[in-house]
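Take a look at the structure below.
The values are calculated or read from the model by the stated rules, or taken from the named source; none is laboratory data. No experiment lies behind these values; they were computed from the predicted model shown. Ideal geometry is used to build each Cβ from the backbone, glycine not excepted, and the neighbour counts take in all protein chains shown.
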Amino acid sequence: MPSELKSKEDFTKILEDATEVRVVRDGDNAKVKVRTKDALFTFKTTTEDADALIKGLKIPVAEY
């Protein structure tokens, strides 16, 4: 079962251990899903914030 993160700071810490990132866009909102070795985490945000978070990542990013 995925864990939902509420703060941007916690989410950026999890991104360091990520093996895969998926972005699901719905209008102005986006859900960013991060797979780590141990768990799946989700973070709900705006599309602009999602673009800023995934910019420059060196791991695969899938857009849905």
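Taken over the range 1-19, residues that are exposed (fewer than 15 other Cβ atoms within 10 Å of the Cβ) and not in a helix (DSSP H, G or I) amount to 9. Of all residues in the range 43-54, those that are assigned to a helix (DSSP H, G or I) have Cβ atoms under 8 Å from Cβ atoms of residues that are of a type in the set (Ser, Thr, Tyr), 6 or more apart or on another chain, in Leu53/Thr12; Leu53/Thr45. As a summary of the residue check, Arg22 satisfies the conditions (1) outside any strand (DSSP E or B); (2) of a type in the set (D, E, K, R); (3) modelled with pLDDT of 95 or more except for the one numbered (1).
Within the range 26-42, being surrounded by 14 or more Cβ atoms within 10 Å (Cβ to Cβ) and assigned to a strand (DSSP E or B) holds for Ala30, Lys31, Val32, Lys33, Val34, Arg35, Phe41, Thr42. Of all residues in the range 1-31, those being touching a residue at least 24 places away in the same chain (Cβ under 8 Å) and small (Gly, Ala, Ser) number 2.
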